[in-house]
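Okay, so here's the structure we're looking at.
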Amino acid sequence: MELSLYRITEEMKTLEDLYWENIDEETGEIKNSELLEEFEKEIKALLVNKGAQIIAQSRNTNLMIDAVKTEITRLQKLKKSLESKENFYKKYIVRSMESAGIEEVKTDIGILKLKKGTGTTDVYDPSLLEEKFWRITEKREPAKDLIKKSIKAGEDVQGARILYENSLSIK
């Protein structure tokens, strides 16, 4: 007989009620004690069996969780590797197109086109930066976003400049 854990718990409560109902008030002895003991053995056996099923299911679930974690780690490493290869390849193509003086390559399946980048802030001499261009976190570091905004607004920022690198658009 296969019962749910809830149903087994209900059967245990029923057994307890039966014990109380079968107590002889005059003698204090339990009537039908052999039948009740047999019923109790069956319920305990069901509980042990259900407990084993719960443990087995828990172990299987934990093994699956470990396998998924391992696979996630493997896939994250693979993703990082592929992204790195793609970035290297794009930079290689940009360098090749720049050295050949080519701005665009049209093919049957798409277009390779050099685009002017948005610019990255290069702090080439931090000692020249004014105090307002520093961000205090757990360590002191240049506030590159503020520096870039100031330079673009026409302000002369000593110790920093905007570098423009071409990027590759593949459509």
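Please list log₁₀ I(q)/I(0) at q = 0.14, 0.15, 0.21 Å⁻¹ for the range 37-117, using the Debye equation with identical point scatterers on the alpha-carbon positions.
-0.73, -0.77, -0.99
With every protein chain left in place, what is the accessible area per residue of the range 1-45 in square angstrom, probe 1.4 Å?
Solvent-accessible surface per residue comes out at 84 Å².
Using all C-alpha to C-alpha distances in the chain, build P(r) with 5 Å bins and read off the rounded percent in each one.
1, 6, 8, 8, 6, 7, 8, 6, 5, 4, 4, 4, 4, 5, 5, 5, 4, 4, 3, 2, 1, 0
Treating cross-link reach as a plain straight distance, find the aspartates and glutamates whose alpha-carbon is under 17 Å from the alpha-carbon of residue 31, omitting any fewer than eight places away in the same chain.
16, 17, 21, 40
With point charges of +1 on the Cβ of Lys and Arg and -1 on the Cβ of Asp and Glu, referenced to the Cα centre of the range 59-171, which listed residue (107, 123, 78) lies farthest in the positive direction of the dipole?
Result: 78, furthest along the dipole toward the positive end.
Accessible area per residue for the range 67-115 in Å², computed with a 1.4 Å probe and the full protein assembly in place, what is it?
It amounts to 87 Å² per residue over the range 67-115.
Which of the residue pairs 116/148; 132/152; 13/50; 77/116; 115/152 have a Cα-Cα distance greater than 26 Å in the structure shown?
Checking Cα-Cα distances, 77/116 exceed 26 Å.
Run the dipole for the range 5-150 about the Cα centre, Lys and Arg Cβ at +1, Asp and Glu Cβ at -1, nothing else charged, and hand back the magnitude in debye, nearest 20.
Roughly 2580 debye, rounded to the nearest 20.
Taking the Cα centre of the range 67-158 as origin, sum charge times position over the Cβ atoms of Lys and Arg (+1) and Asp and Glu (-1), and report the length of that vector in debye to the nearest 20.
Using only the charged Cβ atoms, the result is roughly 540 debye.
Where the accessible area of the chain is counted over protein heavy atoms with a 1.4 Å probe, how much of it, in %, is carbon and sulfur?
So the carbon and sulfur contribution to the accessible surface is 54 percent.
Roughly how tilted is helix 33-100, in degrees to the nearest 10 and between 0 and 90, from the longest Cα axis of the chain?
The angle comes out near 10 degrees.
The values are calculated or read from the model by the stated rules, or taken from the named source; none is laboratory data. Predicted, not measured: the structure shown is a model, and the values here were computed from it. With ideal geometry, Cβ positions are generated from the backbone for all residues, glycine too; neighbour counts draw on all protein chains shown. We work out accessible area using only protein heavy atoms, side chains counted, and drop any ligands, DNA or RNA first. Shrake-Rupley method; radii C 1.70, N 1.55, O 1.52, S 1.80 Å.
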